[in-house]
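Visitor: Here's a structure for you.
The values are calculated or read from the model by the stated rules, or taken from the named source; none is laboratory data. What you see is a predicted model; the values in this text were computed from it and never measured. When we count neighbours, we look across all protein chains shown, and the Cβ atoms used for this are built from the backbone with ideal geometry, even at glycine. The accessibility values were calculated without ligands, DNA or RNA, using every heavy atom of the protein model including side chains. Shrake-Rupley method; radii C 1.70, N 1.55, O 1.52, S 1.80 Å.
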Amino acid sequence: MKKNKKPVILITGYLGSGKTTLLNNILKQEKRKVALIVNDMGSINVDAEILKKNGSNVAECPMFELQNGCICCTLRDEFIEQVEKISNLDSIEVVFVEASGISDPGAVSASFLAYEEDNPDTNVYLTSIVTVVDADRIYREFLSDLKHKKEQRDALADQYDLSQEEISTLIVDQIEFCNFIVLNKCDLLSEDQLKEVESIVRDFQPRAPIIHSVNGDIDIEKILTTKPFNYGQIESSSAIQKATASLLESGRRRDSCVDEYGISSFVFETRQPFNRTRFMDFVNNRYPAELIRSKGYIWFSDASRDVQLFEQAGRNSSVMPVSYWIDALREDQKQAYLADNPEVRENWDSRYGDRENQVVFIGKGYNKDSIRMELEKCLD
C-alpha cells in the first residue's frame, strides 16, 4: 500500500442512534487535519448544521454535504466524487464520513473499495466502519424481532426474501457490517438489560469490539486503526450479507434505500412560530407512531430569540435551545453580521428575519397530509 495515505472512517447507524453526537466528540479529540463528508436523506442536512452550531473544530475542516438520498445508492456517484476531491487535498490527514441513518454500510464500503481498486494511486483508503447502536431503542423496540432473526439465521440464505425486509433487518445489516461498534445510550438501561442487548448484538457481530458510551462519549483511540478495512472477513461472517449478495446476483437489486425499507421523508417548513403549548401537546400526546425519526430547527412565539433544536427518535423526543437568531441581535450587530455574510440575506424575511421552522420527518407508512395539518394547528 502507498505510504502516507489518508485513512477514512465511516460512521453508520440507524436513525437517531447518536452518530452526529459521536462525531462531535471525536472531532474534539482529533489532532490531525480533518475533512468531513456528511450524508442525510432529508432535503435539509440537519446533521451538518448541528456539527457547525455545536462549536467543534469542524469550522476549520472542509465539509462536503450530501443530501436527498443515501451514499450507498442514490448518492453513490456523488460520494465517490467527493472522495476523489479529498484525495487530492494535501492539507488533509484523515477523513470522517457520517452516513445517513438508512445507509447500508456494506454497499458504501463496496463502492469505496471499488474506487480504490480502480484508482490504485489514490491517497485515501478505508480503515474503519463504526456502527453506532442505540442500546435503549434496541431493547425497547427491536429486541424480540432481532431474537427471531437469530433463530432463523442458519437457514437464512434459503429462506430470506429481500422484498419483505423490515426495518430491523437494516439494523442487523449495520451491526454485521462493521469493525467497531459503539453501544450508545447505555445509561438508559439497567445492567441486566444492557447485557441482554450486548448479547444479541454479539450474536450478529462476533468480531468487532463493542464500546459502551453515554452521549457518544468515547476515547477516539478505540476506533482508530491503520489497517485497511477487511471487506472479505466481515462479509464472510455475515449471513444476511450472503443472502443479500445472492439476491443481487439474481437481478433483484433495489435502486433506492427508500424502496427497499419502505422509509421515506418529507420536510415541514414555515416562517410562523410554533405555539409552545400546542406543539408540545402534539409531540407528547398525538405524535404518529409511524414516524421513526424527526429533527430540525424551530422557534416558539414565547422565545423569539432562541433557535430550538427538535429531535425525535422512536419513543424519545426533546426540544432545547441551541443558538440564537441573527434577527434577535442588536441592530448594529445584525448589520455587521449581514455585511460579512451576504448569503444570509437571500433567505431573509421582511417580518421574521432569519427565523423559520425546518423539520425533516422520516418514517414508514405515515400520513403526510395529516401530520402537516397537525403541525399547522400548532402555529401561532
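Visitor: Considering each of Phe177, Phe204 in turn, give the residue that is under 24 Å from Asn25 (Cα atoms), open to solvent by less than 60 Å² (accessible area, probe 1.4 Å), modelled with pLDDT of 80 or more and aromatic (Phe, Trp, Tyr).
Guide: Phe177
Visitor: So which of Lys52, Lys28 ends up being surrounded by fewer than 22 Cβ atoms within 10 Å (Cβ to Cβ), under 20 Å from Glu311 (Cα atoms) and of a type outside the set (Gly, Ala, Ser)?
Guide: Every option except Lys52 fails the conditions.
Visitor: Consider region 252-283. How many of its residues are of a type in the set (A, V, I, L, M) and at pLDDT 95 or above?
Guide: Total meeting the criteria: 2.
Visitor: Which ones in region 278-318 are basic (Lys, Arg) and closer than 24 Å to Ser100 by Cα?
Guide: Within region 278-318, Arg293, Lys295, Arg315 qualify.
Visitor: When both residues are 6+ apart or on different chains and their Cβ atoms are under 8 Å apart, which pairs have a first residue that lies in region 108-130 and is within 16 Å of Glu98 (Cβ to Cβ), and a second that is of a type in the set (Ser, Thr, Tyr) and open to solvent by 10 Å² or more (accessible area, probe 1.4 Å)?
Guide: Every condition considered, the pairs that remain are Ser109/Tyr231; Thr127/Thr225; Thr127/Thr226; Ser128/Thr225.
Visitor: Additional query: Has region 314-322 got at least one residue that is open to solvent by less than 10 Å² (accessible area, probe 1.4 Å) and in contact (Cβ under 8 Å) with a residue 24 or more places away in the chain?
Guide: no
Visitor: Still on this structure, please answer the following. Does Ser91 meet the test of being farther than 19 Å from Asn179 by Cβ and crowded, with 23+ Cβ neighbours inside 10 Å?
Guide: no
Visitor: Can you name the condition, by its number, that Asn68 falls short on among (1) open to solvent by less than 70 Å² (accessible area, probe 1.4 Å); (2) at pLDDT below 85?
Guide: The single condition Asn68 does not satisfy is (1).
Visitor: Among the listed residues Glu196, Glu221, Glu249, Glu235, identify the single one that is modelled with pLDDT of 90 or more, farther than 30 Å from Lys28 by Cβ and not small (Gly, Ala, Ser).
Guide: Among Glu196, Glu221, Glu249, Glu235, only Glu196 is modelled with pLDDT of 90 or more, farther than 30 Å from Lys28 by Cβ and not small (Gly, Ala, Ser).
Visitor: What residue, among those in region 31-49 that are at pLDDT below 90 and of a type in the set (A, V, I, L, M, F, W, C), is surrounded by the fewest Cβ atoms within 10 Å (Cβ to Cβ)?
Guide: This residue is Ile44.
Visitor: Still on this structure: Acidic (Asp, Glu) and in a strand (DSSP E or B): is that true of Glu376 in this structure?
Guide: no
Visitor: Sticking with this structure for a sec: Of (1) at pLDDT 90 or above; (2) in contact with a helix residue (DSSP H, G or I) (Cβ under 6 Å, 6 or more places away or on another chain); (3) assigned to a helix (DSSP H, G or I), Val95 satisfies all except one. Which?
Guide: (3)
Visitor: Let me ask you something else. Check whether at least one residue in region 315-333 is more than 27 Å from Thr20 (Cα to Cα) and of a type in the set (A, V, I, L, M), and report yes or no.
Guide: Looking through region 315-333, at least one residue is more than 27 Å from Thr20 (Cα to Cα) and of a type in the set (A, V, I, L, M).
Visitor: Quick check on my filter: what residues within region 122-160 are of a type outside the set (Val, Ile, Thr), more than 22 Å from the chain's Cα centre (by Cα) and modelled with pLDDT of 90 or more?
Guide: Asn123
Visitor: Filtering region 335-361 down to residues that are touching a residue at least 12 places away in the same chain (Cβ under 8 Å) and among the charged types (D, E, K, R), which residue is most open to solvent (accessible area, probe 1.4 Å)?
Guide: Arg351
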